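Asker: There's a structure below that I have some questions on.
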Amino acid sequence: MEDYVMHIKRQVDEWGIHKLVLVAHSLGGVLALKLAAQLTDRLAGFVAVGAAIPKNGGSFLSVLPFPKRMIMSAILRTLGTKPPESAIRAGLCHDLSPDHTAEITKGFIPEAIRVYMDRIGVSSPNVPRLYVKLTNDKELSPSLQDHMISNLSPQFVRSLETGHLPMLSDPDGLRVILEDFMENVR
């Protein structure tokens, strides 16, 4: 987890931008919370797009309901972090074009197991926060996203009628939401 966060921080530092808004998606919510804690003087806003937002001291796995958490933990330990292609198609890609689906399934790269299991000791950053709820998401269900919204305590919540990858299924809708949020943090 720390390697991921430090790698992202190095990239952000190389941009040379003084103020920024972090936009996190899915598992990236956990990483973005850790990163936000290191960028407090530079952070102007925080956006979670269908993102996992654990409570302080939680992990990605901790956001899942108890039965799914136990099953997922066992799967990660025995099979690793790359789901079968059928699960990628059904969960991540259910509302995408065949071309996007083929690209996602072919290019899926497994993450380090600790990114899913390591606990983070940070809470929501003290900046304007937005949660973009994905109402047709089969990976992080809308009811599970309601828990993420509660954990983040955002000032703003917007919804998109997409599955888990709105940047592919409705990039214009996501862009409008992000641009609207940027108007609120200026």
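Asker: Within the stretch 130-172, can you find the residues that are closer than 15 Å to LEU27 by Cβ and assigned to a strand (DSSP E or B)?
Answerer: Selection gives LEU134 alone.
Asker: Could you say whether any residue in the stretch 2-11 is at negative phi, surrounded by 14 or more Cβ atoms within 10 Å (Cβ to Cβ), in contact with a His (Cβ under 9 Å, 6 or more places away or on another chain) and modelled with pLDDT of 95 or more? Even if it seems obvious, please write down each step before you answer.
Answerer: Quick first cut of the stretch 2-11, residues at negative phi only: 2-11.
In the following step, the residues that additionally are surrounded by 14 or more Cβ atoms within 10 Å (Cβ to Cβ) were identified as 4-5, 8-9.
Keeping just the survivors that are in contact with a His (Cβ under 9 Å, 6 or more places away or on another chain) gives none.
Looking through the stretch 2-11, none of the residues is at negative phi, surrounded by 14 or more Cβ atoms within 10 Å (Cβ to Cβ), in contact with a His (Cβ under 9 Å, 6 or more places away or on another chain) and modelled with pLDDT of 95 or more.
Asker: Can we say VAL63 is surrounded by fewer than 19 Cβ atoms within 10 Å (Cβ to Cβ), touching a helix residue (DSSP H, G or I) at 6+ places or on another chain (Cβ under 7 Å) and not basic (Lys, Arg)?
Answerer: Details: surrounded by fewer than 19 Cβ atoms within 10 Å (Cβ to Cβ): no; touching a helix residue (DSSP H, G or I) at 6+ places or on another chain (Cβ under 7 Å): yes; not basic (Lys, Arg): yes.
Spelling it out, it is not the case that VAL63 is surrounded by fewer than 19 Cβ atoms within 10 Å (Cβ to Cβ), touching a helix residue (DSSP H, G or I) at 6+ places or on another chain (Cβ under 7 Å) and not basic (Lys, Arg).
Asker: Does any residue in the stretch 10-33 that is of a type in the set (A, V, I, L, M) come within less than 6 Å, Cβ to Cβ, of a residue that is part of a helix (DSSP H, G or I) six or more places away or on a different chain, and which pairs are these?
Answerer: LEU22/ALA32; LEU22/ALA36; ALA24/ALA32; LEU31/TYR4; LEU31/VAL5
Asker: Sticking with this one: So which residues in the stretch 48-60 are of a type in the set (A, V, I, L, M) and either in contact with a His (Cβ under 9 Å, 6 or more places away or on another chain) or surrounded by fewer than 23 Cβ atoms within 10 Å (Cβ to Cβ) (or both)?
Answerer: Once the filter is applied, which keeps residues that are of a type in the set (A, V, I, L, M) and either in contact with a His (Cβ under 9 Å, 6 or more places away or on another chain) or surrounded by fewer than 23 Cβ atoms within 10 Å (Cβ to Cβ) (or both), the stretch 48-60 yields ALA48, VAL49, ALA51, ILE53.
Asker: Here are some residues: VAL47, VAL122. Which one is of a type in the set (A, V, I, L, M, F, W, C), touching a Leu at 6+ places or on another chain (Cβ under 9 Å) and assigned to a loop (DSSP other than H, G, I, E, B)? Quick ask: steps written out before the conclusion?
Answerer: Details: VAL47 fails: assigned to a loop (DSSP other than H, G, I, E, B).
So the residue among VAL47, VAL122 that is of a type in the set (A, V, I, L, M, F, W, C), touching a Leu at 6+ places or on another chain (Cβ under 9 Å) and assigned to a loop (DSSP other than H, G, I, E, B) is VAL122.
Asker: For GLY121, all conditions in the list (1) of a type in the set (Gly, Ala, Ser); (2) farther than 13 Å from SER169 by Cα; (3) more than 16 Å from the chain's Cα centre (by Cα); (4) at pLDDT 95 or above hold save one; what is the number of the exception?
Answerer: Failed condition: (4).
Asker: Filter the stretch 84-103 down to the residues that are closer than 26 Å to ASP146 by Cβ and either among the hydroxyl-bearing types (Ser, Thr, Tyr) or touching a residue at least 24 places away in the same chain (Cβ under 8 Å) (or both) and list them by number.
Answerer: ALA90, GLY91, LEU92, CYS93, HIS94, ASP95, LEU96
Asker: Limited to the stretch 88-109, what total is found for residues that are loosely packed, with under 14 Cβ neighbours inside 10 Å, under 19 Å from the mean Cα position of the chain (by Cα) and assigned to a helix (DSSP H, G or I)?
Answerer: Summing the residues that are loosely packed, with under 14 Cβ neighbours inside 10 Å, under 19 Å from the mean Cα position of the chain (by Cα) and assigned to a helix (DSSP H, G or I) in the stretch 88-109 gives 2.
Asker: Can you tell me which residue in the stretch 76-86 is modelled with the highest pLDDT, limited to those that are loosely packed, with under 14 Cβ neighbours inside 10 Å and part of a helix (DSSP H, G or I)? Working first, answer last.
Answerer: We begin by selecting, within the stretch 76-86, every residue loosely packed, with under 14 Cβ neighbours inside 10 Å; these are 77-80, 82, 84, 86.
Filter once more, so that each one left must be part of a helix (DSSP H, G or I): 77-79, 86.
Values: ARG77: 93, THR78: 92, LEU79: 91, SER86: 96.
Here the residue is SER86.
Asker: Test ARG186 against the stated conditions and say whether it is modelled with pLDDT under 95 and surrounded by fewer than 20 Cβ atoms within 10 Å (Cβ to Cβ).
Answerer: It is true that ARG186 is modelled with pLDDT under 95 and surrounded by fewer than 20 Cβ atoms within 10 Å (Cβ to Cβ).
Asker: Additional query: When the stretch 134-156 is examined, which residues are found to be of a type outside the set (A, V, I, L, M) and surrounded by fewer than 18 Cβ atoms within 10 Å (Cβ to Cβ)? I'd like the intermediate steps shown before the answer.
Answerer: Let us first name the residues in the stretch 134-156 that are of a type outside the set (A, V, I, L, M), namely 135-139, 141-143, 145-147, 150-151, 153-156.
Correct list: THR135, ASN136, LYS138, SER141, PRO142, SER143, ASP146, SER150, SER153, GLN155, PHE156.
Asker: Would you pick out the residues in the stretch 157-183 that are crowded, with 16+ Cβ neighbours inside 10 Å, of a type outside the set (Gly, Ala, Ser) and touching a residue at least 24 places away in the same chain (Cβ under 8 Å)?
Answerer: ARG158, LEU160, THR162, HIS164, LEU165, PRO166, LEU168, LEU174, ILE177, LEU178, PHE181, listed by residue number.
The values are calculated or read from the model by the stated rules, or taken from the named source; none is laboratory data. Here the structure is a predicted model, which is why all the values come from computation and not from measurement. Glycine gets a Cβ as well: all are built from the backbone with ideal geometry, and neighbour counts include every protein chain shown.
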